[in-house]
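So the structure is just underneath, and the comments pick up after that.
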Amino acid sequence: MATFHILNGDCLAENLKRTSVTQNFIVFRECLIDGPVNAESIADFWAVRADYMAGNYNTLTDEYFCKTVKEINKLSAIAENSQICLWFENDLFCQVNMWFILSIFPSFSTHKLFRIFPAINDDDNMWKGFGIANNEQLEQAYYSKVQFSRSDFELGKKLWKAYQKDDFNTLMELSQIESKCFKCLEDICQAHIDRFPLDQTLGRPEKIIKEILDEDITDFYDIFLKFSDREGIYGFGDLQFKRIYDRLFDSKYFFL
């Protein structure tokens, strides 16, 4: 049985090359935690994302389709009854990307799907994921993989649909469902909802940034590292964090 590995980024691909897990990598190069995701079809979805990435991340449209869309389209060429391993971390950034991946599989029965969790030994490292893992821990993660049941698979698809539609009520209802393939689901969904308070005040990430600034920390990367320590649940990279950071200074609530 052929095995394919869908990875959460190029760094993980490079790290896995130093282990016994070296075959059939497909790298998901997106940040669906940021920007529009609603579309009527997958073609429209990629067009919406390409426009957003071009306008906000200085990514050329042709480059986006080559590096992101073409890569993920490799899923359609995977033979039936293959084993597919999803290497995604526990934070919101990775979870949203994984929900999307599950949503584009046409059916559950044609493949054996597995979730690869980071090998985390203590709660302090819950959100740090594969980046802090050595070769042995990466192999341990692979050999501890958890197979998706049909209900796990359907939960992932429903989570994506609720996220895509900004349906916070459904998202929280789904977060109550226990699944061996999803950890800290309630906390993750709540963290997403907290980004968009109903009273139109600062979201949770902006409030934390403001608190850090109040500690007289002024260097951007020091602020980013401090935020990541406090709110690793979001999994923001520095580029996504920079966009939030810049929006905060444009907010009418910044000087309150």
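The values are calculated or read from the model by the stated rules, or taken from the named source; none is laboratory data. Note that the structure is predicted; figures quoted are calculated from it, not measured. Note that each Cβ is placed from the backbone with ideal geometry, even for glycine, and that neighbours are counted across all protein chains shown.
Out of I116, I132, I need the residue that is under 15 Å from the mean Cα position of the chain (by Cα) and either among the hydrophobic types (A, V, I, L, M, F, W, C) or at pLDDT below 95 (or both). Which one?
Details: I132 fails: under 15 Å from the mean Cα position of the chain (by Cα).
Answer to the check: I116.
Which number in (1) under 27 Å from E14 (Cβ atoms); (2) surrounded by fewer than 15 Cβ atoms within 10 Å (Cβ to Cβ) marks the one condition that E178 misses?
Looking at each condition in turn, E178 falls short on (1).
From the list F196, F227, F254, F236, which one is part of a helix (DSSP H, G or I) and either within 19 Å of the chain's Cα centre (by Cα) or modelled with pLDDT under 95 (or both)?
Numbers: F196 fails: part of a helix (DSSP H, G or I); F254 fails: part of a helix (DSSP H, G or I); F236 fails: part of a helix (DSSP H, G or I).
Every option except F227 fails the conditions.
Restricting region 33-51 to residues that are outside any helix (DSSP H, G or I) and not charged (D, E, K, R), which is nearest to F236 (Cα to Cα)? Before the answer, list the steps.
Just the residues of region 33-51 that are outside any helix (DSSP H, G or I), to begin with: 33-41.
Those left that are additionally not charged (D, E, K, R): 33, 35-39, 41.
Values: I33: 8, G35: 13, P36: 16, V37: 17, N38: 21, A39: 23, S41: 27 Å.
Applying the filter and picking the extreme gives I33.
Can you find a residue that is in the same structural domain as M53 (by TED's automatic domain parsing), acidic (D, E), surrounded by fewer than 18 Cβ atoms within 10 Å (Cβ to Cβ) and on the phi < 0 side of the Ramachandran plot anywhere in region 227-242? If you could, list the steps in order and put the result at the bottom.
To start, the set of residues in region 227-242 that are in the same structural domain as M53 (by TED's automatic domain parsing) comprises none.
No: zero hits.
Just to be sure I understand, how many residues within region 200-211 are part of a helix (DSSP H, G or I) and either buried (at least 18 other Cβ atoms within 10 Å of the Cβ) or among the basic types (K, R) (or both)? Lay out the reasoning, then the answer.
Quick first cut of region 200-211, residues part of a helix (DSSP H, G or I) only: 204-211.
If we keep only those that are either buried (at least 18 other Cβ atoms within 10 Å of the Cβ) or among the basic types (K, R) (or both) too, we end up with 204-210.
Total meeting the criteria: 7.
For region 91-113, enumerate the residues that are within 24 Å of E139 (Cβ to Cβ) and out of contact with any helix residue (DSSP H, G or I) (no Cβ under 9 Å at 6 or more places or on another chain).
N97, H111, K112
Based on what the data block shows, is V37 within 20 Å of the chain's Cα centre (by Cα) and either of a type in the set (D, E) or farther than 30 Å from I120 by Cα (or both)?
Numbers: within 20 Å of the chain's Cα centre (by Cα): yes; either of a type in the set (D, E) or farther than 30 Å from I120 by Cα (or both): yes.
When the stated conditions are applied, V37 passes them.
Select from region 163-185 the residues that are within 15 Å of the chain's Cα centre (by Cα) and of a type outside the set (D, E, K, R) and list them in ascending order.
Y163, Q164, C181, F182, C184, L185
Considering only region 123-148, state which residues are more than 15 Å from F88 (Cα to Cα) and in contact (Cβ under 8 Å) with a residue 12 or more places away in the chain.
Within region 123-148, N135 is the sole residue that qualifies.
With farther than 22 Å from L86 by Cα and surrounded by fewer than 17 Cβ atoms within 10 Å (Cβ to Cβ) as the only criterion, which of A39, A50 stands out? Outline the logic, then answer.
Values: A50 fails: surrounded by fewer than 17 Cβ atoms within 10 Å (Cβ to Cβ).
Result: A39 is the single residue among A39, A50 that is farther than 22 Å from L86 by Cα and surrounded by fewer than 17 Cβ atoms within 10 Å (Cβ to Cβ).
Of the numbered conditions (1) in contact with a strand residue (DSSP E or B) (Cβ under 9 Å, 6 or more places away or on another chain); (2) within 17 Å of L32 (Cα to Cα), A54 satisfies every one except a single condition; which is it?
The single condition A54 does not satisfy is (1).
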